[in-house]
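Remarks on the structure that follows.
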Amino acid sequence: MAALAASLSAITCVSSNAALKRQQRDKPRVRAHRSRVVSASVDGPIVIAGATTPTGRLVAGLAVKAYGGSNVTLVVNQDAQDGYWPEDMPDDVVEKRMYAPAPELVKAKLVDPRNAGDALKAAKQVVFCAEWGATQAELAEQLLPFVSSDAKRVVMLSRVGINRREKAPFVEQNKPPKKLQEVALGLKLPVGENSGQPGTLDGFANAEKILRDAAVKSGFSAHVVRSGELRGNGPLLLADLSARMVDNLYDVKYQDLYFKKGDEGQGYTKRLNLAATLLRMTTTDSTPPADCAALSVVCEMIDPFGLMGEKTLTEPTGVERRKGYDMAKGKAPAPIANELIDELIAAL
């Protein structure tokens, strides 16, 4: 099944579903629905690197809910540990926005990357959730040498387009980031000179190589889950900020998920369902694919050079399934259920 996603970018999007329908004619479409709280067990401690990103925070909350905070270790820089969990917030609001009960969240252990060796040696499952390629590579280089051969599995978030960096739209996505520059109202935006860092796809390619080399050396099972360009709010939804149009739209309007083997397709991915997929791939008893893409809406370029923009190949979630949700008010669709992830993966 295809695994890609549509967006609200400045590029013109033209709705066209015929191509995807032809591809999926013989395969039933599986939709996401509300996940159930399941009593779960885990082989050993789960370590989540990149836990300060929106995706990483979501993986952390889902892991705590499924396995209990005492089984979860989060790799967080020392200076970011204070206030990592929301403070002065009612427990019911915390659970709604972090997807786990507040008393369990605070049981999770936070460790600085420089002091994460013991936690990684004891870990049975490790998941890397950094959303920027260079950061993912840096974490991989720093942390993977400590992962034991007894570890069951290491799962890494990466991106589609790694093997197509010379083609549209990935050329644009892989441009080196600019330095942050302060603009009006004290906001800092990436509008300065080039930062000197690699493009995000180059960074993720490097992170994947580090993962492969470490897996060969240590003997653990390595897996890559590719996203498209990320959309959707993270778990901390401030009332005056969380109504951002693109993120609000993606969390509510695009609730489905599509998978494809390896680095194929293009599009956009909703963070919440991506987080659920990363956690499921990390903890499932069955053997997940070594390399797959998980995206929320499927796109393709109208022309090979990207001059005419892109068109969408998948339809948004039906209106009836969208009713009652509003991210600005903390009313969000639940993450995709594990049973559906398993079914979609099995259909690859």
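The values are calculated or read from the model by the stated rules, or taken from the named source; none is laboratory data. Source: prediction; values computed, not measured. Cβ coordinates were reconstructed from backbone atoms using ideal geometry, including for glycine residues, and neighbour counts include every protein chain displayed.
Residue check: Glu138 meets all listed conditions (1) free of Cβ contacts under 8 Å to residues at least 24 places away in the same chain; (2) exposed (fewer than 14 other Cβ atoms within 10 Å of the Cβ); (3) not hydroxyl-bearing (Ser, Thr, Tyr) but one, namely (2). Can you name the residue in the range 98-119 that is exposed (fewer than 15 other Cβ atoms within 10 Å of the Cβ) and either in contact (Cβ under 8 Å) with a residue 60 or more places away in the chain or of a type in the set (Asp, Glu) (or both) and, of all such residues, is nearest to Gly61 (Cα to Cα)? Per the stated criteria, the residue is Asp112. When residues in the range 144-161 are screened for being out of contact with any Ser or Thr (no Cβ under 9 Å at 6 or more places or on another chain), surrounded by fewer than 24 Cβ atoms within 10 Å (Cβ to Cβ) and not acidic (Asp, Glu), 1 of them pass. Considering the range 292-313, the residues that are in contact with a helix residue (DSSP H, G or I) (Cβ under 9 Å, 6 or more places away or on another chain) and under 19 Å from Val225 (Cβ atoms) include one that is surrounded by the fewest Cβ atoms within 10 Å (Cβ to Cβ), namely Cys292.
Output the residues belonging to the range 308-329 that are without any contact (Cβ under 8 Å) to a residue 40 or more places away in the chain and of a type in the set (A, V, I, L, M, F, W, C). Selection gives Val319 alone. Whenever a residue of the range 44-58 is more than 15 Å from Ser227 (Cβ to Cβ), its partners that are at pLDDT 95 or above and among the hydroxyl-bearing types (Ser, Thr, Tyr), lying with C-beta atoms within less than 6 angstrom and at least six residues away or across chains, give the pairs Pro45/Thr73; Val47/Thr73. Listed by position, the helices (runs of 4 or more DSSP H) enclosed by the range 88-186 that each have at least 3 residues that are at pLDDT 95 or above and closer than 16 Å to Ala207 by Cα are 133-143.
Answer yes or no as to whether Lys209 is within 21 Å of the chain's Cα centre (by Cα), basic (Lys, Arg) and either modelled with pLDDT of 95 or more or in a loop (DSSP other than H, G, I, E, B) (or both). For Lys209, the condition - within 21 Å of the chain's Cα centre (by Cα), basic (Lys, Arg) and either modelled with pLDDT of 95 or more or in a loop (DSSP other than H, G, I, E, B) (or both) - is met. A Cβ distance below 7 Å, combined with a sequence gap of six or more or placement on separate chains, defines the contacts here; from the range 330-348, residues that are free of Cβ contacts under 8 Å to residues at least 60 places away in the same chain and surrounded by 14 or more Cβ atoms within 10 Å (Cβ to Cβ) reach no residue that is part of a loop (DSSP other than H, G, I, E, B) and of a type in the set (Ser, Thr, Tyr). The residue that is nearest to Glu131 (Cα to Cα), counting only those in the range 245-263 that are charged (D, E, K, R) and part of a loop (DSSP other than H, G, I, E, B), is Asp263.
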